[in-house]
Amino acid sequence: MTDNNNNPSSSASKPAGEGKAKSAKELKKEKRAAAVAARPEGAGGPDGAGASASGGLRPPGTQQGVMGGRPIPQLNQSASSSNIPQAPNSAGPSAPRRLPNDQPNAHPTSSNSAQQNLFFSHLPHQESPDTAQAFKTSKLHPIIVRLGVLMSSGQLRGANARTMGMMTAFREVIRDYECPDQAVMWKDLPIYLSPMIAWLETCRPKGVGGGNAIRWLKSEINRLGEQGDRSEAEQKDYLVDAIGLYLRDRIEFADQVIADHAKEKIKPGDTVVTYARSSLVEMVLLEAWRDMRNEDPEASFKVIVVDSRPLLEGRQLLEALSFSGLPCTYIILPLLSSILPQADLVLLGASALHSDGALYSRSGTAMVAMLAKEHRVPVVACVETYKFGEKVVLDGVATNELGDTAGLLDLPNGKRFGLVGKGKDLPTTLTPLHLVYDVTPPSLITAVCTEIGFIPPSSVPTVLGKTSGVV
């Protein structure tokens, strides 16, 4: 409640002999009216009039913490219209308020960079793991440490390669595992594997395919408790054999079946476009070329490899295809629109396929699919069913990875970008950004080629329901 002695308008309007004081509501109205009267002409309207009297609320159109280029009091501090400085010649509360150009601390570019950093700060970043600390602890198997180094450095790249490497490493860990006395293997082994799984996640996110493989492994371990009394050696042999069957059926055989389905879409004289490098797409192209040449030595088709910096993974695919004698063209992503009019098919790989049909793949895949649809070129995504995920991803910002930005600053002529080539630090206003993946909407995908055949992207939930027992 406001004291009457601190309210001049109240004390002036009340005679000395009057015994009845005004209510708090009336005092508040008079104080608000006095604040409006004291405000400079054109400095606010009805919304701005009540802002200062309500104790620190800011008028609309102003930046939080800044008004007219000057700081305003915090919400927990008392404020009145007299201690909030107003911007001269203001156009009203709805007009945009900017920092003055003559103010030395106004750096819009720097603030944008800071906002960009905060915008992507939740994403995991690829950095070298602390192997010295990892070897000091007794909870990590040496092969797990080696696998983490390979994944974080990029030497083991690709969803299939990382999943196969991870499951092969866990197979060796299970072989070397010894169940403690007075412990049950199917209860103790998940606890034994948990720190290794967590450490691999810090080296590089396992992705949808790796997560499905780990969940399958844990379900197989739990199944040991339903199989009666078995010796420790028999249980370990069962898990080792089960991992081998999983890798064979869900990845190796699945890739072969997908290649058999997808190569039927490639006809003699076609021009096939692919982006970056996918081991599965590479298998499809090589088998289609081999079968076509066996049937007719004169038959041929052409492949256009589209690539982008900083990874330039398409170079490896180009080398493999050229070594087999397949006619190839290598272009950078900005030139794709000039090539697509002569294309007959677009083949894409994927890191995951979400339940809404969105394709999660290397950054740039969405642009390739969008341009292909604009030119009415069919887009076929080759994906194994073990990469199907139950989540719905609406954009590539909520779940993604921050890649190494060193390649972004390496120019094609071998020189470094600007100040970096001179041994100086980057300007604070420059923030290199490398998002590893993007999300392609299902509307841009013509069909998905899996080991169960060609399906539309909308059929992913149906497939997940049928394979829920094995994923």
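The values are calculated or read from the model by the stated rules, or taken from the named source; none is laboratory data. Just so we're clear, the structure is a prediction, and the values are computed from it rather than from any experiment. Positions of Cβ are backbone-derived with ideal geometry, glycine not excepted, and every protein chain shown enters the neighbour counts.
When residue 233 is tested against (1) of a type outside the set (Val, Ile, Thr); (2) at pLDDT below 95; (3) in contact with a Lys or Arg (Cβ under 9 Å, 6 or more places away or on another chain), exactly one condition is not met: (3).
Please count how many residues of the stretch 451-462 are under 24 Å from the mean Cα position of the chain (by Cα) and either outside the structural domain of residue 377 (by TED's automatic domain parsing) or buried (at least 18 other Cβ atoms within 10 Å of the Cβ) (or both). The number of residues fulfilling the criteria is 2. If the condition is being modelled with pLDDT under 90, more than 18 Å from residue 347 (Cα to Cα) and surrounded by fewer than 17 Cβ atoms within 10 Å (Cβ to Cβ), then the stretch 304-326 contributes 309, 310.
Screening the stretch 210-247 for residues that are of a type in the set (Lys, Arg) and within 15 Å of residue 194 (Cα to Cα) and picking the one that is surrounded by the fewest Cβ atoms within 10 Å (Cβ to Cβ) gives 215. Do the conditions hold for residue 292, that is, is it surrounded by 14 or more Cβ atoms within 10 Å (Cβ to Cβ), within 33 Å of the chain's Cα centre (by Cα) and assigned to a helix (DSSP H, G or I)? So residue 292 fails the test. With the condition kept exactly as written, say whether any residue in the stretch 309-323 is outside any helix (DSSP H, G or I), of a type in the set (Lys, Arg) and touching a Phe, Trp or Tyr at 6+ places or on another chain (Cβ under 8 Å). The answer is no, given that none of the residues of the stretch 309-323 is outside any helix (DSSP H, G or I), of a type in the set (Lys, Arg) and touching a Phe, Trp or Tyr at 6+ places or on another chain (Cβ under 8 Å). Could you tell me whether any residue of the stretch 261-278 is loosely packed, with under 14 Cβ neighbours inside 10 Å and assigned to a helix (DSSP H, G or I)? Yes: the stretch 261-278 contains one or more residues that are loosely packed, with under 14 Cβ neighbours inside 10 Å and assigned to a helix (DSSP H, G or I). Considered as a group, the residues in the stretch 201-248 that are acidic (Asp, Glu), more than 21 Å from residue 139 (Cβ to Cβ) and assigned to a helix (DSSP H, G or I) include one that is farthest from the chain's Cα centre (by Cα), and that residue is 234.
Restricting 464, 444, 430 to residues that are of a type in the set (A, V, I, L, M, F, W, C) and modelled with pLDDT under 85 narrows the list to 430.
Highlighted here are the strands (runs of 3 or more DSSP E) found entirely within the stretch 339-387 that include at least 1 residues which are crowded, with 20+ Cβ neighbours inside 10 Å and among the hydroxyl-bearing types (Ser, Thr, Tyr): 359-362.
Please tell me if residue 225 is of a type in the set (Gly, Ala, Ser), at pLDDT 90 or above and not assigned by TED's automatic domain parsing to the domain that holds residue 357. Considered against the rule, which asks whether it is of a type in the set (Gly, Ala, Ser), at pLDDT 90 or above and not assigned by TED's automatic domain parsing to the domain that holds residue 357, residue 225 comes out as no. Of all the criteria given as (1) in contact with a helix residue (DSSP H, G or I) (Cβ under 8 Å, 6 or more places away or on another chain); (2) assigned to a loop (DSSP other than H, G, I, E, B), the one not satisfied by residue 298 is (1). Residues of the stretch 263-288 that are over 15 Å from residue 319 (Cα atoms) and of a type outside the set (Lys, Arg): 264, 266, 268, 269, 270, 271, 272, 273, 280, 284, 287, 288.
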